[in-house]
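Asker: I have a structure here, written as structure tokens, and I will follow up with some questions on it.
The values are calculated or read from the model by the stated rules, or taken from the named source; none is laboratory data. Note that this is a predicted model, so its numbers are computed, not measured. Glycine gets a Cβ as well: all are built from the backbone with ideal geometry, and neighbour counts include every protein chain shown.
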Amino acid sequence: QVQLEESGGDLAQAGGSLRLSCAASGSFFRINDMGWYRQAPGQQRELVAQIEWGGRTNYKDSVKGRFTISRDYAKNTVYLQMNSLKPEDTAVYYCNAVVGTWVTGLSRYLEVWGQGTLVTVSS
């Protein structure tokens, strides 16, 4: 079983910064794409940033230039550095990963989600 544990969510002022972390644990042989999604109250979950195995990244337009996604392959961890925060960034942020693991003895790639961490940005 693979688990993702997020940390770093907090209350911040507009213009401030936060850094989210997400560490994968359990039994797996590879982590492909890792990413951060967010869900604000009454809204659908949306992709914020994603980083592929090879390091290529993509971002939601509204966070480009403010957020940076990175990963530590040795620690199986993905980070989201969030700068110049805005009140509209307020949401629960979820970590997501496509993980290679074993299911009934066969190798499979599964999509795994973290439990979410709350980011609140005050104006």
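Asker: Looking only at the stretch 1-24, count every residue that is modelled with pLDDT under 95 and surrounded by 14 or more Cβ atoms within 10 Å (Cβ to Cβ) and tell me the total.
Answerer: Taking the stretch 1-24 as the starting set, the residues that turn out to be modelled with pLDDT under 95 are 1-2.
Narrowing further to those that are surrounded by 14 or more Cβ atoms within 10 Å (Cβ to Cβ): 2.
Count: 1.
Asker: Out of the residues in the stretch 71-85 that are surrounded by fewer than 15 Cβ atoms within 10 Å (Cβ to Cβ) and not aromatic (Phe, Trp, Tyr), state the one that is nearest to the chain's Cα centre (by Cα). Break it down into steps so the answer makes sense when it comes.
Answerer: As a first pass, look at the stretch 71-85 and keep what is surrounded by fewer than 15 Cβ atoms within 10 Å (Cβ to Cβ): 72-75, 83-84.
Among the residues that remain, those that are also not aromatic (Phe, Trp, Tyr) are: 72, 74-75, 83-84.
Details: Asp72: 13, Ala74: 17, Lys75: 15, Asn83: 15, Ser84: 18 Å.
Selected residue: Asp72.
Residues are listed down the side, and each one gets a yes or a no for (1) without any contact (Cβ under 8 Å) to a residue 12 or more places away in the chain; (2) more than 13 Å from the chain's Cα centre (by Cα):
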| position | (1), (2) |
| --- | --- |
| Leu4 | no, no |
| Gly8 | no, no |
| Gly26 | no, yes |
| Tyr37 | no, no |
| Tyr59 | yes, no |
